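Notes to accompany the following structure.
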Amino acid sequence: MDGMTATAARRVLLAAPRGYCAGVDRAVIAVEKALEQYGAPIYVRHEIVHNKYVVQTLEKKGAIFVEQTAEVPEGSIVMFSAHGVAPTVHAEAAERKLATIDATCPLVTKVHKEAVRYAKEDYDILLIGHEGHEEVIGTSGEAPEHITLVDGPDDVANVEVRDESKVVWLSQTTLSVDETMETVGALKNKFPNLLSPPSDDICYATQNRQVAVKKLAEDAQLVIVVGSKNSSNSIRMVEVALDAGAPAAHLVDFADEIDEAWLEGVTTVGLTSGASVPDVLVDGVLEWLAERGYGDVETVKTADESITFSLPKELRRDLRAEAAELSGE
């Protein structure tokens, strides 16, 4: 920055909201409650949420993360992650006589139900999302004969449908809002009768965190996003910060991954975290920055979040039974 001196005020702009969304909070608590209720091990198909620290913490408590249902011993308990699974996975679990707890985020479940409904009405469904992402695999599995994946605006030219009068778009919940709308615009240019879902598929928390990071980018020379490299919503936040004008933006899991060279010439650091990140990791970054002279922290609030989701029905049923037994009812 022009005219910046060694004594220039250094500060951190801390985004609010940031970190855990309601779906992640529910999923993490579900694993913890299941371990309390049934004891270790509890098997979890795929990472419960995309965060290295959370997964490692739950592993220490007795959770075992597997990639395939076949890895779970017959008769065991398996939990499905917040990203959701295809119907074939439920069938595999039944074949192996597994007790299942479904921790799919309710907002992902909404997209699954939309896919089923539109498939029954014989629509071609254009699913905007990233190939290979667990959520996309799960949603596609609800109606594989009807769903075509559209991986960004550049993919639109390749899209073909059976009947241009019966086409609808759905999306992965953790995408960049701006890029998704760009993709939708391109699809509507190609298919003028394209139907939109009854409500926005991109989750409220993803949208709120992207709005907040845009606000940080207005004043920060450096934006740090705390999140894991397999977290779609965290990666999108780095991209959103750069698109909004931040000179630099980086994704880190932990404070010790920050390169001190990033701070050269920086008076204002923007700090936020992905929707699967516990605040303890943000606190670690704040401490790291404070040790380097960035002790002035200002919260930048762009939204209030009060949404909560109840625990998976399987856990609520058993927890109610346990409470009734303890009370002698």
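Using a Gaussian network for the chain with springs between C-alpha atoms less than 10 Å apart, which of these wobbles most: Glu92, Glu114, Glu47?
In the Gaussian network model the winner is Glu92.
Normalised by the residues of the range 6-93, what does the relative contact order come to in percent, with Cα pairs under 8 Å and at least six apart? Before the final figure, lay out the partial values.
Working: 87 pairs, mean separation 26.1, N = 88.
About 30 percent, as a whole number.
Could you work out how far apart the two model spin labels at Ala99 and Ile29 are, taking each label as a point 7 Å from the Cα in the direction of the beta carbon, and quote it in nm?
Roughly 2.1 nm, to one decimal.
How much mean residue ellipticity at 222 nm does the chain get from its helices, if each DSSP H run of length 4 or more adds -39500 (n - 2.57) and you divide by all residues, to the nearest 500 deg cm²/dmol?
Numbers: 10 runs with 124 residues, N = 329.
Mean residue ellipticity at 222 nm (helix-derived): -12000 deg cm²/dmol.
Within 12 Å, Cβ to Cβ, of Val225, how many net charges do the neighbouring residues add up to if Lys/Arg are +1 and Asp/Glu are -1? Let's see the in-between values first.
Numbers: positive: Arg18, Arg209, Lys229, Arg236; negative: Glu239, Asp253, Glu257.
Its environment carries a net charge of +1.
Could you give the length gained by full extension between Asp243 and Glu179, i.e. 0.36 nm per residue of separation minus their alpha carbon distance, to one decimal place?
Using 0.36 nm per residue and subtracting the Cα-Cα distance, I get 22.0 nm.
Top to bottom by accessible area (1.4 Å), largest first, where do Lys229, Lys60 land?
On the way: Lys229 130, Lys60 180 Å².
If we order Lys229, Lys60 from most to least accessible, we get Lys60, Lys229.
Which whole-number value in Å² is the accessible area per residue of the range 44-189, probe 1.4 Å? Walk me through the numbers before you get to the answer.
Details: 6420 Å² over 146 residues.
The answer is 44 Å² per residue.
Would you list Arg209, Arg26 from the most to the least accessible area, probe 1.4 Å? All intermediate terms of the calculation are to be shown ahead of the outcome.
Details: Arg209 0, Arg26 25 Å².
My answer, sorted largest first, is Arg26, Arg209.
Gain in length, Lys229 to Thr57, computed as 0.36 nm per residue apart minus the alpha-carbon separation, to one decimal in nm? Mind showing how you got there, number by number?
On the way: separation 172, 0.36 × 172 = 61.92 nm, distance 1.75 nm.
Contour length minus Cα-Cα distance gives 60.2 nm.
Under the classification rounded if a/c is under 1.5, otherwise prolate if a/b is larger than b/c and oblate if not, where does the range 237-314 fall, given a ≥ b ≥ c as square roots of the Cα gyration tensor eigenvalues?
On the way: a/c = 2.02, a/b = 1.72, b/c = 1.17.
Taking the square roots of the gyration eigenvalues as a ≥ b ≥ c, the range 237-314 is prolate.
How much accessible area per residue does the range 208-312 have, counting only protein heavy atoms and a probe of 1.4 Å, in square angstrom? Write out the running numbers ahead of the final one.
Working: 4380 Å² over 105 residues.
Computed with neighbouring chains in place, this is 42 Å² per residue.
Using packing as a proxy for protection, rank 166-173, 35-42 so that the peptide with the highest average count of other Cβ atoms within 10 Å comes first. Write down the numbers at each step before the final one.
Numbers: 166-173: 23.0, 35-42: 15.4.
Highest to lowest by the protection proxy: 166-173, 35-42.
Give me the net charge for the shell around Thr180: Cβ to Cβ below 11 angstrom, other residues only, Lys and Arg +1, Asp and Glu -1. Display every interim value, and only then the final one.
Working: positive: Arg236; negative: Asp178, Glu179, Glu182, Asp200, Asp201.
Once positives and negatives cancel, what remains is -4.
Here are some values of semi-axes √(5λ) of the Cα gyration tensor in Å: (i) 43, 19, 17; (ii) 36, 29, 16; (iii) 50, 18, 17. Which one was computed from this structure?
Checking each listed value against the structure points to (ii).
Under the rule a/c < 1.5 gives rounded, and otherwise a/b versus b/c splits prolate from oblate, where does the range 176-329 land using the Cα gyration tensor? Spell out each step's value before the answer.
Values: a/c = 2.72, a/b = 1.19, b/c = 2.29.
Cα axes put the range 176-329 in the oblate bin.
If I compute solvent accessible area with a 1.4 Å probe over the protein chains, what percent of it on the range 16-170 is carbon and sulfur?
On the way: 3250 of 6670 Å².
Taking all protein chains in place, the range 16-170 shows 49 percent carbon and sulfur surface.
Once label points are set 7 Å from the Cα along Cα→Cβ at both His90 and Tyr38, what is their separation, rounded to one decimal in nm?
It works out to 1.7 nm between the two label points.
Using mean Cβ contacts within 10 Å as the protection proxy, how do 235-241, 122-128 order, highest first?
Details: 235-241: 23.7, 122-128: 22.1.
Output ranking for 235-241, 122-128: 235-241, 122-128.
Gain in length, Ile64 to Arg292, computed as 0.36 nm per residue apart minus the alpha-carbon separation, to one decimal in nm?
On the way: separation 228, 0.36 × 228 = 82.08 nm, distance 3.84 nm.
Extending this stretch completely gives an extra 78.2 nm.
For the range 234-253 and the range 147-181, compute the distance between their C-alpha centroids and round to whole Å.
Centre-to-centre distance over Cα atoms comes out at 24 Å.
Calculate what fraction, in whole %, of the accessible area of the range 181-329 sits on carbon and sulfur atoms when a 1.4 Å probe is rolled over the protein chains.
That fraction is 49 percent.
For every other residue with a beta carbon closer than 9 angstrom to the beta carbon of Pro153, add +1 if it is Lys or Arg and -1 if Asp or Glu, then tell me the sum.
On the way: positive: none; negative: Asp154, Asp155, Glu179, Glu182.
Net of charged neighbours comes to -4.
The values are calculated or read from the model by the stated rules, or taken from the named source; none is laboratory data. No experiment lies behind these values; they were computed from the predicted model shown. Using ideal geometry, Cβ is built from the backbone for each residue, glycine included, and neighbour counts are taken over all protein chains shown. These area figures cover heavy atoms from the full protein model, side chains too; ligands, DNA and RNA do not enter into them. Shrake-Rupley method; radii C 1.70, N 1.55, O 1.52, S 1.80 Å.
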